[in-house]
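Have a look at the structure below, then the notes.
Nothing in this text is a laboratory measurement; each read-out follows from the coordinates by a stated rule. Computed from a predicted model, the values in this text were never measured in an experiment. Ideal geometry is used to build each Cβ from the backbone, glycine not excepted, and the neighbour counts take in all protein chains shown.
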Amino acid sequence: MTDTTPVGVAAALAGLPPARTAFAQFSLQGRVALVTGAHRGIGLELSLALAEAGAIVYCIDLPVTPDADWVKVQEYCAALSEHPNVNTKGRLEYMRGDVTNQKEMWALAEEIVKKEGRLDVAIAGAGIGHVAPCLEYEADDFQKVLNVNLNGVLYTAQAAGRQMDKLGIKGSIILIASIMGSVANPGVQSTAYNTSKSAVLQMARSLACELGEKGIRVNTISPGFIHTSMISFAPPAMTASWVSQIPLGRIGRTDELRGAAMWLASDASTFCTGSDIIVDGGHRAW
């Protein structure tokens, strides 16, 4: 599908044969994606979602080899292609990579293109947190958070964008931000994390404006409180406090981010760039 292919009402008025393009727009069949922070958590969840939609997905993270849980998800993904009611060639691959190393990330994207011939989607999902009083925050700790959450996001976007530009692909780059980039979290001393996620929001807007003329879209997803290892440190009282701030009355699941990622990655969102998609159970609606 191209930007000028008639769909929906336009297709009907043009006299084209009837086609269910609403669902087809979400297909990622034949697309290639890279996802950072994809050894577990949100990154792995979104990787599987893209693969289910037909994409070949390269999961990039720090371990030299993936653990048993990741392999189990890979096997699950492979079994999907054998399901009689699923017509997809999507698959998961693993690559070791450090998002804080700019040239390494650029090289990884080049390697993916050499193997697959294209790169259509990138999700910058690698991120870390660190809690400390703002007046006592150690410089090294602050910089470590920024190196991963900010520099690493830029290097990932650069790596993918360079290949998309080189190949003339109108790709989609998705940066994982957070509602903590727009609001602060009561009771949690996370100045570095909040600062980094706020910067990611502005980075996406800036990249979207620069890359728009190339047809490359850049958007962010801002999750609210999601069940991951990053919030597992919280005592029950703190978790209860968070839940009390969420209109839906619960913490979110990683799979509840799949729809936003698939939409942004696919042709269903071809006129969306520079936007932030908030998935927080209504937290920011108060």
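For segment 164-197 and segment 1-65, what is the separation of their C-alpha centers, rounded to whole Å? Result: 21 Å between the Cα centres. Once Rg and the Kirkwood radius are both taken over the C-alpha atoms of the chain, their ratio Rg/Rh works out to 0.98. For the chain, the number of Lys pairs separated by eight or more positions or lying on different chains, with C-alpha atoms closer than 20 Å, is 14. Full extension of the segment from residue 231 to residue 140, taken as 0.36 nm per residue of separation minus the current Cα-Cα distance, would add 30.6 nm. Among 137, 155, sorting on how many other beta-carbon atoms sit within 10 Å of each Cβ, with the fewest leading, yields 137, 155.
Rounded to whole Å, the principal axis extents of the Cα atoms in segment 58-196 read 57, 34, 29, largest first.
With the largest listed first and rounded to whole Å, the semi-axes of the equivalent ellipsoid of segment 113-170 from the Cα gyration tensor are 34, 9, 8.
With R₀ fixed at 41 Å, the C-beta to C-beta distance from residue 167 to residue 239 puts the FRET efficiency at about 0.35.
The phi-based Karplus calculation (6.51 cos²θ - 1.76 cosθ + 1.60; θ = phi - 60°) puts the 3J(HN,Hα) values of segment 53-60 at 7, x, 7, 8, 10, 9, 8, 10 Hz, whole numbers, x for Gly and Pro. For segment 100-156 versus segment 250-286, the spacing of their alpha-carbon centroids is 21 Å. Output the DSSP H helices from the chain with an along-axis C-alpha extent of no less than 20 Å and a mean Kyte-Doolittle hydropathy no less than -1.0. Qualifying helices, which must be both long enough and hydrophobic enough, are 102-116, 152-167, 191-211.
Under the criterion of Cα pairs below 8 Å and six or more residues apart, the relative contact order for the chain equals 18 percent.
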